[in-house]
Amino acid sequence: MRLAGCNLRCVTCDTAYAWKEGDEVSVQVLQEQLETFPCRYLVVTGGEPLLQAREMVRLLDLLPSWTLALETNATLWEPEILGRFSVVTASPKLPSAGVGPFPYGVFSRYVEAFSSRLQVKLVVGEGDWKAVDSLLKEYPSLGIEVPLVIQPLDRGVSFSQYQGEVGNMVETFLQRVGKWERVDVRFLPQLHKILWGRERGR
């Protein structure tokens, strides 16, 4: 479920339409729509879903039997809400996003309070590796107690170009994994870009 609104303006954002656009839907209608699906696993993403914290609590109260996951940019801190999710994916932004300094203060709270249910996803551009090195030095648990996902940035190039860039990133990634000596690091291309390209709403 993708919620509208975001407190960042990443230059690399692939869903910029979610910054301002969206339909206003009541919590009850959302529940009714969700209950039509056979699965009982819900991923809440955005935009930045924690901007709608109050409304989200009301919805989660109506889904007591569901397994819930959240993806956030880790700039906002709502511990009561975060504690309702089985999986929290924190995706803080690196320099390629163009949104300023890394949010160490808030991100540290995620690592300290929710490490047992946290995974970290970093969208990495070619110029971001030094920032990744610094991040792993600052947070030794990443890639060990806390799963780490490295996702190569799609710069809006053609599919064939992205494939080539992913290949180069794989080589860099494999070199870094040895350097980092972490065991729970995964490499994940932006599969939605590969499967659906620029098609909106995916």
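The values are calculated or read from the model by the stated rules, or taken from the named source; none is laboratory data. These numbers were taken from a predicted model, which means no experiment stands behind them. With ideal geometry, Cβ positions are generated from the backbone for all residues, glycine too; neighbour counts draw on all protein chains shown.
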Requested in this report: Identify all residues within region 121-147 that are within 25 Å of Asp14 (Cα to Cα), out of contact with any helix residue (DSSP H, G or I) (no Cβ under 8 Å at 6 or more places or on another chain) and not in a helix (DSSP H, G or I); write none if there are none.
Outcome: Lys121, Pro147
**Report entry** region 1-28, residues that are free of Cβ contacts under 8 Å to residues at least 40 places away in the same chain, of a type in the set (A, V, I, L, M) and either part of a loop (DSSP other than H, G, I, E, B) or loosely packed, with under 11 Cβ neighbours inside 10 Å (or both)
**Finding:** Val25
Query - Scope region 29-55; condition part of a loop (DSSP other than H, G, I, E, B) and under 16 Å from the mean Cα position of the chain (by Cα); matching residues - result: Gly46, Gly47, Glu48
Report task. Within region 32-44, identify whether any single residue is touching a Leu at 6+ places or on another chain (Cβ under 9 Å), surrounded by 18 or more Cβ atoms within 10 Å (Cβ to Cβ) and closer than 26 Å to Val124 by Cβ, and answer yes or no. Result -> yes
Query raised in the report: If you scan region 90-116, which residues turn out to be assigned to a helix (DSSP H, G or I), over 18 Å from Pro147 (Cα atoms) and β-branched (Val, Ile, Thr)?
Result: Val106
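Could you tell me which of the residues Leu94, Leu59 is buried (at least 19 other Cβ atoms within 10 Å of the Cβ) and modelled with pLDDT under 95? Steps first, please.
Details: Leu94 fails: modelled with pLDDT under 95.
Testing whether each residue is buried (at least 19 other Cβ atoms within 10 Å of the Cβ) and modelled with pLDDT under 95 leaves just Leu59.
Matching residues to (1) touching a Phe, Trp or Tyr at 6+ places or on another chain (Cβ under 9 Å); (2) under 22 Å from Leu188 (Cβ atoms):
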position	(1), (2)
Gly5	yes, no
Thr12	no, yes
Gly22	no, no
Leu60	yes, no
Glu71	no, yes
Report task. Could you give me the residue pairs with C-beta distances under 8 Å whose first residue belongs to region 105-127 and is free of Cβ contacts under 8 Å to residues at least 24 places away in the same chain, whose second residue is among the hydroxyl-bearing types (Ser, Thr, Tyr) and in a helix (DSSP H, G or I) wherever it lies, and which are 6+ apart or on separate chains? Result -> none
Query raised in the report: Hey, Ser65 hits all of (1) closer than 26 Å to Leu188 by Cα; (2) in a loop (DSSP other than H, G, I, E, B) but one; which does it fall short on?
Result: (1)
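Please find, within region 67-78, the residue that is surrounded by the fewest Cβ atoms within 10 Å (Cβ to Cβ) out of those that are of a type in the set (S, T, N, Q) and under 17 Å from Ala97 (Cα atoms). Spell out how you get there, then give the answer.
First, pick out the residues of region 67-78 that are of a type in the set (S, T, N, Q): 67, 72-73, 75.
Filter once more, keeping what is under 17 Å from Ala97 (Cα atoms): 72-73, 75.
Working: Thr72: 25, Asn73: 23, Thr75: 18.
Taking the candidates together, the pick is Thr75.
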Requested in this report: With the condition kept exactly as written, say whether any residue in region 79-88 is aromatic (Phe, Trp, Tyr), out of contact with any helix residue (DSSP H, G or I) (no Cβ under 8 Å at 6 or more places or on another chain) and either surrounded by 13 or more Cβ atoms within 10 Å (Cβ to Cβ) or in a loop (DSSP other than H, G, I, E, B) (or both).
Outcome: yes
Report summary line: Being of a type outside the set (Asp, Glu), touching a strand residue (DSSP E or B) at 6+ places or on another chain (Cβ under 8 Å) and within 14 Å of Leu8 (Cβ to Cβ) narrows Leu63, Leu76, Leu42, Leu50 down to just Leu50
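Before we move on, is Arg58 free of Cβ contacts under 8 Å to residues at least 40 places away in the same chain, outside any loop (DSSP other than H, G, I, E, B) and either aromatic (Phe, Trp, Tyr) or within 19 Å of Ser141 (Cβ to Cβ) (or both)?
Values: free of Cβ contacts under 8 Å to residues at least 40 places away in the same chain: yes; outside any loop (DSSP other than H, G, I, E, B): yes; either aromatic (Phe, Trp, Tyr) or within 19 Å of Ser141 (Cβ to Cβ) (or both): no.
No; evaluated as a whole, the condition is false for this residue.
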